[in-house]
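Enquirer: Quick one: the structure is below, questions incoming.
The values are calculated or read from the model by the stated rules, or taken from the named source; none is laboratory data. Every value quoted in this text rests on a predicted model; they were computed, and no experiment measured them. When we count neighbours, we look across all protein chains shown, and the Cβ atoms used for this are built from the backbone with ideal geometry, even at glycine. With ligands, DNA and RNA removed, areas are computed over all heavy atoms of the protein, side chains included. Shrake-Rupley method; radii C 1.70, N 1.55, O 1.52, S 1.80 Å.
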Amino acid sequence: MSHWPSAKAKRVLASLLVIGWEIKRQTGSHRTLSRNGWPDFVFAFHDGEEIGPRMLARIAKHTGLTPCDL
């Protein structure tokens with residue numbers, strides 16, 4: 001079973017910003033995030049969209065996000 005709960009994209013983006021990611025540029029709903037020591041990450045979700053546990057685990061793998069950060 002996954003340790004990740006489902007969460008709204010707006011909440012996930014806010015959590016990424018808290019842990020040090022910054023919005024580098026945005027085109028529509030595609031936001032390119034950057035953080036020192038990490039490759040850029042494209043966050044392509046609308047704010048009201050629900051992100052499931054499996055996708056959250058994938059995002060975490062690329063960004064260093066933890067379930068405690070949500």
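Enquirer: Could you tell me what % of all Cα pairs in region 30-70 have separations over 13 Å?
Expert: Counting pairs separated by more than 13 Å, the tail of P(r) holds 59 percent.
Enquirer: Related question: Take the eigenvalues of the Cα gyration tensor for region 1-40, scale each by 5, and report the square roots as semi-axes in whole Å, largest first.
Expert: Each semi-axis is the square root of five times an eigenvalue, giving 20, 14, 9 Å.
Enquirer: May I ask for the percentage of alpha-carbon pairs in the chain that lie more than 20 Å from each other?
Expert: Here the tail beyond 20 Å accounts for 20 percent of pairs.
Enquirer: Can you give me the % of accessible surface on the chain that is carbon or sulfur? Probe 1.4 Å, all protein chains present, nothing else counted.
Expert: 54
Enquirer: Give the separation of the Cα centroids, region 15-50 to region 51-70, in Å.
Expert: Centre-to-centre (Cα) distance: 13 Å.
Enquirer: Still on this structure, I have one more. Take residue 57 and residue 17, extend 7 Å from each Cα along the Cα→Cβ direction, and tell me the distance between the two endpoints in nm.
Expert: Once both label points are built, they end up 2.9 nm from each other.
Enquirer: Counting only helical runs of four or more DSSP H residues, what would the 222 nm mean residue ellipticity of the chain come to if each run contributes -39,500 (n - 2.57) and the total is spread over all its residues?
Expert: Calculated mean residue ellipticity at 222 nm is -9000 deg cm²/dmol.
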